[in-house]
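Derivation of every value follows stated rules applied to the coordinates shown; laboratory data play no part. Everything numeric here is computed off the predicted structure, so don't read it as measured data. Cβ: placed from backbone, ideal geometry, glycine included. Neighbour counts: every protein chain shown.
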Amino acid sequence: MLLFFINCMPTPLLNNASPYEKLYKKLCDIYHLRVFGCLCYSSTIFAHRKKLDNRVVSGVFLGFKPNTKGFLFLNLKNQKIDLSRNVVFHENCFPNHSKHVQNND
């Protein structure tokens, strides 16, 4: 992922264009990037779901898995790392963020 960011950054050596832009003749697409540690909801599998079971599982976004079309997240229900493509993100909510900051003065 770091290499992706490096190739999308403009450089003065290429007249303020990115290596990605020079190679593919279009701007780098960053629509899929998300905020690390934000709250996310993943839909559950239809086959294993009963009528009154939850339709989503809440989690914390951890990142992307290489060579897959899915998002890694920490399942808050069972504390395991899961992979899913059907995820909704709440990028302004951080479930593991502490509201109380202590000063060491």
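A few remarks follow.
- Taking 23 Å as the straight-line reach from the Cα of residue 51, the lysines in range (excluding those fewer than 8 positions away in the same chain) are 77.
- Sequence-distant residues sharing a close amide H with residue 44 (under 5 Å, placed H): 56, 57
- For the chain, the alpha carbon positions stretch 58, 53, 19 Å along the principal axes, listed from largest to smallest.
- Going from the residue with the fewest nearby Cβ atoms within 10 Å to the one with the most, 33, 52 rank 52, 33.
- Multiplying the residue separation of residue 80 and residue 62 by 0.36 nm and subtracting their alpha-carbon distance yields 5.3 nm.
- Solitary cysteines of the chain, where the nearest other Cys Cβ is not under 4.7 Å: 38, 40, 93
- Seen from residue 65, the other residues with C-beta closer than 14 Å to its C-beta sum to a net charge of +2, counting Lys and Arg as +1 and Asp and Glu as -1.
- Cross-link table 22/80; 26/69; 22/69, entries beyond 32 Å C-alpha to C-alpha: 22/80
- Long-range HN-HN contacts of residue 64 with modeled amide H, under 5 Å: 72
- Dipole of segment 12-73, positive end: most advanced residue of 54, 35, 13 [Cβ charges, Cα centre]: 54
- Dipole check for segment 1-55: with +1 at the C-beta of Lys and Arg, -1 at the C-beta of Asp and Glu, and the Cα centre as origin, the magnitude is about 360 Debye.
- Loop-resident trypsin sites (Lys or Arg not before Pro) (DSSP state other than H, G, I, E or B) in segment 1-68 with no more than 11 further Cβ atoms inside 10 Å of their Cβ: 25, 26, 50, 51, 55.
- Only helices enter this figure: runs of n ≥ 4 DSSP H residues, each worth -39500 (n - 2.57), summed and divided by the residues of the chain, yield -3000 deg cm²/dmol at 222 nm to the nearest 500.
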